[in-house]
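Some notes on the structure that comes next.
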Amino acid sequence: MRPAMGSVQDLVQFIFAGLTSGAAYALVAVGFSVVHSTMGIVNFTQVDFVTLGGMLLVSLLATGALPAIPGLLLAVAGVAATGALVEYLALRRSRSRDPLVLIFLTIGLSIILRGIMQKVWGKQSLAVPPLSGEAPLTILGATILPQALWILAVGAAAIGLLVLFFRGTAAGLAMRAVASNPVAADVVGLRVLRVRTLSFALAGALGGLAGVLITPITTLRYDVGVLLGLKGFAAAILGGFGSFPGAVLGGLALGLLEALGAAYVSSAWKDTIAFLVLLLVLFVRPHGLLGKGTE
């Protein structure tokens, strides 16, 4: 059923909810874009990096008796290391450099990672405590959970640090060079294979960060990252695949579409509306909102 039109406070509530989801989608989308820029493939293990971040946080907080922030940082570091291992042990060892073969390889690795997580953490739903309590805050008349503010703040900080990384560090400049022309980068002495491993580590960190931030306000299972990861993939396409600003814009837009669609159309169409709009954008502008088209 379509709910009645609410007040301005309701609209603010829905916008905050959309931005909260959109920030998580943006982190995942940027992770997809990082690997695509350096290797030219779609890394479908990205969806499982999201789940792994939440799972590691559960274990660190439950068994390690760590405070929330150190646990979050260690969980993100663990997923980053997993991403590097995925590239080093699997993709680098592949005898084929065909992008299509490598994409299918990431799909197989995604299934393996999901199976490992199911064996380690089981099929039951797990809970992650919020980073700073559950007492809601009131902003412009809307009731906002503190975890939502954490997602928005940490997500914005992560994107800002990523921009500084690519513009102001040797590793970031090397990744930009490999993304622009891997052959020329290899000729001038850049270690292309190491850059690709770094891109997977960075993608893992972004996916893991999305997982540890979003799981306190959702259900955590071994397969929870699949839908969230696919929405991040959709956000990357919506913004323009390979474009970092486009990934952020696509994630926020997708989150807002979901929240407003669920509020003013029907909650049953929450996921469908977002993907219908994605298809419409691709029909009108196939290279996405900020992507560069080709003739």
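Residue under question is Leu220, and the condition is that it be closer than 19 Å to Gln124 by Cβ, touching a Gly at 6+ places or on another chain (Cβ under 9 Å) and surrounded by fewer than 24 Cβ atoms within 10 Å (Cβ to Cβ); does it hold? Spelling it out, Leu220 is indeed closer than 19 Å to Gln124 by Cβ, touching a Gly at 6+ places or on another chain (Cβ under 9 Å) and surrounded by fewer than 24 Cβ atoms within 10 Å (Cβ to Cβ).
When the criteria are applied in full, Leu100 fails the requirement of being under 18 Å from Ala205 (Cβ atoms) and either exposed (fewer than 13 other Cβ atoms within 10 Å of the Cβ) or not hydroxyl-bearing (Ser, Thr, Tyr) (or both).
Would you pick out the residues in segment 195-233 that are of a type in the set (Ser, Thr, Tyr) and assigned to a helix (DSSP H, G or I)? Listed by number, the residues that qualify are Thr197, Ser199, Thr215.
Taken over segment 69-103, the criterion of being over 20 Å from the mean Cα position of the chain (by Cα) and of a type outside the set (A, V, I, L, M) is satisfied by Pro70, Tyr88, Arg92, Arg93, Ser94, Arg95, Ser96, Arg97, Asp98, Pro99.
Name the single residue, out of those in segment 263-276 being in contact (Cβ under 8 Å) with a residue 24 or more places away in the chain and part of a helix (DSSP H, G or I), that is farthest from the chain's Cα centre (by Cα). Residue satisfying both the conditions and the ranking: Tyr264. In summary, Leu66 fulfils each of the numbered conditions (1) open to solvent by 20 Å² or more (accessible area, probe 1.4 Å); (2) part of a helix (DSSP H, G or I); (3) farther than 19 Å from Val120 by Cα with the single exception of condition (2). Selection within segment 241-259: residues that are part of a loop (DSSP other than H, G, I, E, B) and of a type outside the set (Ser, Thr, Tyr). The member of this set that is least open to solvent (accessible area, probe 1.4 Å) is Gly242. Phe44 fulfils the conditions (1) more than 20 Å from the chain's Cα centre (by Cα); (2) not in a helix (DSSP H, G or I) except for a single criterion, (1). Within segment 231-243, residues that are more than 16 Å from Ala179 (Cβ to Cβ) sit with their Cβ atoms under 6 Å from residues that are open to solvent by 20 Å² or more (accessible area, probe 1.4 Å) and modelled with pLDDT of 90 or more, at 6+ positions apart or across chains, in these pairs: Gly239/Leu249.
The single residue among Ile139, Ile112, Ile151 that is aliphatic (A, V, I, L, M) and within 18 Å of the chain's Cα centre (by Cα) turns out to be Ile151.
For Thr51, the conditions (1) assigned to a helix (DSSP H, G or I); (2) open to solvent by 20 Å² or more (accessible area, probe 1.4 Å) all hold with the exception of (2). Of all the numbered requirements in (1) under 30 Å from Leu52 (Cβ atoms); (2) open to solvent by less than 30 Å² (accessible area, probe 1.4 Å), Ala263 misses one, and that requirement is (1).
Restricting attention to segment 183-194, the residues that are touching a helix residue (DSSP H, G or I) at 6+ places or on another chain (Cβ under 6 Å) and either small (Gly, Ala, Ser) or open to solvent by less than 50 Å² (accessible area, probe 1.4 Å) (or both) total 2. Considering only residues in segment 132-161 that are in contact (Cβ under 8 Å) with a residue 40 or more places away in the chain and open to solvent by less than 30 Å² (accessible area, probe 1.4 Å), the one that is nearest to Leu11 (Cα to Cα) turns out to be Ala142. Here Leu193 meets each of (1) under 25 Å from Ala127 (Cβ atoms); (2) touching a residue at least 40 places away in the same chain (Cβ under 8 Å); (3) over 17 Å from the mean Cα position of the chain (by Cα) with one exception, condition (1). Beta carbons closer than 9 Å, at least 6 apart along the sequence or on distinct chains, pair a first residue in segment 95-114 that is farther than 25 Å from Leu227 by Cβ and free of Cβ contacts under 8 Å to residues at least 12 places away in the same chain with a second that is open to solvent by less than 30 Å² (accessible area, probe 1.4 Å) and not in a loop (DSSP other than H, G, I, E, B) for Ser96/Leu102.
Looking at Ala179, Ala236, Ala185, which one is modelled with pLDDT under 85, part of a helix (DSSP H, G or I) and touching a Ser or Thr at 6+ places or on another chain (Cβ under 8 Å)? Testing whether each residue is modelled with pLDDT under 85, part of a helix (DSSP H, G or I) and touching a Ser or Thr at 6+ places or on another chain (Cβ under 8 Å) leaves just Ala179.
The values are calculated or read from the model by the stated rules, or taken from the named source; none is laboratory data. Keep in mind that what you see is a predicted model, and the values were worked out from it rather than measured. Here Cβ is always computed from backbone atoms with ideal geometry, including for glycine, and neighbour counts include all displayed protein chains. To get the accessible areas, we keep the full protein, side chains included, count just its heavy atoms, and leave off ligands, DNA and RNA. Shrake-Rupley method; radii C 1.70, N 1.55, O 1.52, S 1.80 Å.
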